[in-house]
Amino acid sequence: MPHDPCKLHDSLCTSRRCSTKILYVGHPEEFETVSCVSSGAQASVALVGYDDVTHALLDALQPDVIYSPLLTARFDTADLALKLQTLGFKGHYCAVVKSVPLPHIIKDEVRRMAPAVNYDLLMTEIGLTRLH
C-alpha cells in the first residue's frame, strides 16, 4: 500500500488553518485524486504521472506545491525541476525522501540546473517511494 498523501500533508503543514492545492507527481496507477481533512488542515491532492505534467494541467489545477519522490524508475528530481521551469511553474516544488547523504549537494545542483524553480528537498519519515 502506498504512503498516504494526507499524512504527508499533515506532517509538512505547520499551520492549523493550512489549505493547499497539492500536485503529487509519481505513479498514478497506485493512486487516485483525494481530499484530505485532518488536524484542522485541509488539502486537495491530485496525483499524476510524470508524462501528465503539462502546461494545461498546471493551468487547470494551479497547485501551490508539487511533491515527488527524489528518484523513480521514470524520472528524477532534476528532470521534473527542468520540466517545471520550462512550463513556467511559479509555486513550490519539493522532492521528498526518507534520507539521503549530503542533501545540500542535491539541492544546490537542482537549483543550479533550474534556477527559476522554488525547489527544496524534504527529508521525512514518511518519504515518497514506490512500494512493490
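In segment 90-109, the residues that are farther than 14 Å from residue 69 by Cβ reach residues that are not in a strand (DSSP E or B) with C-beta atoms within less than 6 angstrom, at least six apart or across chains, in these pairs: 91/63; 91/64.
Across segment 57-68, the number of residues qualifying as assigned to a helix (DSSP H, G or I) and open to solvent by less than 30 Å² (accessible area, probe 1.4 Å) comes to 1.
Put simply, of 77, 54 the only residue that is more than 13 Å from residue 21 (Cβ to Cβ), hydroxyl-bearing (Ser, Thr, Tyr), surrounded by fewer than 19 Cβ atoms within 10 Å (Cβ to Cβ) and in contact (Cβ under 8 Å) with a residue 24 or more places away in the chain is 54. Filtering segment 69-104 to residues that are over 12 Å from residue 121 (Cα atoms) and in a helix (DSSP H, G or I) leaves 79, 80, 82, 83, 84, 85, 86, 87. Applying the set (1) over 11 Å from residue 25 (Cβ atoms); (2) open to solvent by less than 60 Å² (accessible area, probe 1.4 Å) to residue 86 leaves exactly one unmet item: (2).
The values are calculated or read from the model by the stated rules, or taken from the named source; none is laboratory data. Owing to the predicted nature of the structure, the values given are computational and were not obtained by experimental measurement. Backbone-built Cβ (ideal geometry, glycine too); neighbour counts: all protein chains shown. We work out accessible area using only protein heavy atoms, side chains counted, and drop any ligands, DNA or RNA first. Shrake-Rupley method; radii C 1.70, N 1.55, O 1.52, S 1.80 Å.
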